[in-house]
Structures are given as C-alpha cells and as structure tokens.
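Remarks on the structure that follows.
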Amino acid sequence: MPGIIDAHQHFWQLTKPFDYRWLEVPEHAPIRRDFLPADLEPLLRAAGVEQSIFVQTQHNLDENRWALGLAEVHPFIAGVVGWVDLASPACEDQVLGFKAHPKFVGVRHITQGEPDDDFIVRPDILRGLKVLEKHGVPFDLLFFVKHLKHAATLARELPRLPMVIDHLAKPRIKDRSLGDWLPHLRAAAAFPNVYCKLSGMITEANWSHWTPADLRPYIDAALECFGPERLMFGSDWPVCALAGTYEQVFDALAGALRDLRPDERELVFGGTARRFYALD
C-alpha cells in the first residue's frame, strides 16, 4: 500500500495567543495540555502512517502561520487546512497569500460553533466560498447532524468546490441513531464534489465503553454513499484521546475495511486525501 495519510489531526500549544476556551470544559481536562509534532510522530510511526494533514482549531490567521511553520520543519506534515475570513472583503487576498505556500491545502470554518444554524449558507459566506471555488482551494465542512442538510445546498451552489464532511457530521453513535443523519448524508453524497472523512467517530460513541462494532453501521453507510474513492481516514488526534488511543482508532477503521479490495483500502488510507488536497 502506498504511504498512509492521516487526513485529520490537530496541534495546539496553550502558551500561544489563541482561543483555547473550548478546552476548559471539565470533560476536556485530559487533552488540556500541549500537543505538538513530537507527540504525534511516534504514534504515526507505530501505526505505519507516513504523513498527516493538520486541521485548524482557530479563527485566526496567525494559527495558519504557526502551523505552516511546523510543517516546514516536520516533513511528515503533508499539508495544513487553515482558516480565512469568508465574510471579509479581504477574503481573496487572504486566500492568495496562504495559497502561495506549498503546504497550505485547504480551509475550514468551525461551522458547528456558530450560533446561527444557517451560517454556512448566508450570502456573505457563500461569496467567500465562491472565492475558494475560484482558486481551487478545498473546504472542510465541520457540521453537526443539524447542519448536514446544507451540504447538498452548498454542493449545488458551488459545483467546482471540493468539500469534505469532517467526522461524518458527528452522527449520534452513542444513541445508535441513523435516521436523523443518513438521509442528509445520502443527499450530500449525490454530488461528486462532496467527500467524507471517516474520523471523529469514537468521541461520538460512549467514551468509556465503545467497541469497533458500534462504529460499523456508520462506516458501512458512508461506504455505501461515497465509495472508497470519496472517503478518507482521519484520526482526529488528539481529540480522539478522550475516548481511546491512536492505535485503537486506526485499528477500528482498518478492521471495518478489511473486506475491501487492497486498492480500495489504499484510497481510504491515502489515495483519496492525496487527490482531494492535491498533495502530489
């Protein structure tokens, strides 16, 4: 299998002047510390993962600069999915400035945290997304299930913008809930420019008692909707550490995909991310 890519991981450093208030809730205490490339690299090596994609946690251009600096000195970081202000008149200048860096590969906004559930389809945000479409910069959709209905709307409005649904839009795995989620996932998957990350699942399950079998209905549904050619593995490290180890996350997905052909597994574990983020 060509080199495995973890298409979704984070770093943070609490002394940086960024907004880490989301780590202050009591249930996040286990991950309320620095997580940096030196912490991740041995976990990747142990799992046989060659490269990773850093994904933003801040609405702050300085986090882009910080992460790109890390990527320059740590070759295993294949790319940075950063942030630009989609609503700003300066959006295009920001996009062009960061796009000039060879490891700036995409943009994300923490849509799940917006008080307006329709934030992502506001006219000013759509204008910003059209800037990404114009310049061929992929966009990560960080949704809860309640936002997933917007994926098809965006895909219809922005047919040349590659978009990827992070964490399957966080289905309620702990509740074994499929009915509120699957129809919207199916609707999104009908558009060829929409992809999905098999990531963030164990933190939507029971943190203390999840098993790989709990994830299987969601993985199978995503496979049915998107096929391996539009799915990619992501660990969501270090958030995943709230419910399990890096090895457990990797092994759970590898086990669920063991019946795929080798070329199909290669797509999920690297080929799709390589194509989506134009890593080659």
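The values are calculated or read from the model by the stated rules, or taken from the named source; none is laboratory data. Predicted, not measured: the structure shown is a model, and the values here were computed from it. All Cβ positions, even for glycine, are placed from backbone atoms using ideal geometry, and neighbour counts span all protein chains on display. Each accessible area value is taken on the protein alone, full model and side chains, heavy atoms only, with ligands, DNA and RNA left out. Shrake-Rupley method; radii C 1.70, N 1.55, O 1.52, S 1.80 Å.
Taking the numbered list (1) open to solvent by 10 Å² or more (accessible area, probe 1.4 Å); (2) part of a helix (DSSP H, G or I); (3) more than 20 Å from TYR277 (Cα to Cα) in turn, GLN94 passes all entries but (3). Looking across the range 12-53, the residues that are of a type in the set (Val, Ile, Thr) and open to solvent by 50 Å² or more (accessible area, probe 1.4 Å) come down to THR15, VAL25.
For the range 26-85, a residue qualifies if it is among the hydrophobic types (A, V, I, L, M, F, W, C) and closer than 12 Å to GLN13 by Cβ, and the qualifying residues are PHE35, LEU36, ALA38, TRP66, ALA67, LEU70. Which ones in the range 143-161 are buried (at least 22 other Cβ atoms within 10 Å of the Cβ) and closer than 20 Å to CYS91 by Cα? Scanning the range 143-161 gives a single hit, LEU154.
Checked against (1) under 17 Å from the mean Cα position of the chain (by Cα); (2) surrounded by fewer than 14 Cβ atoms within 10 Å (Cβ to Cβ), THR211 passes all but a single condition, namely (1). Look at (1) in contact (Cβ under 8 Å) with a residue 40 or more places away in the chain; (2) of a type outside the set (Phe, Trp, Tyr); (3) touching a helix residue (DSSP H, G or I) at 6+ places or on another chain (Cβ under 8 Å); (4) under 23 Å from ARG275 (Cα atoms) and you find that VAL81 fails only one, number (3).
Residue-level check: of (1) touching a strand residue (DSSP E or B) at 6+ places or on another chain (Cβ under 7 Å); (2) on the phi > 0 side of the Ramachandran plot; (3) open to solvent by 10 Å² or more (accessible area, probe 1.4 Å), LEU168 misses just (3).
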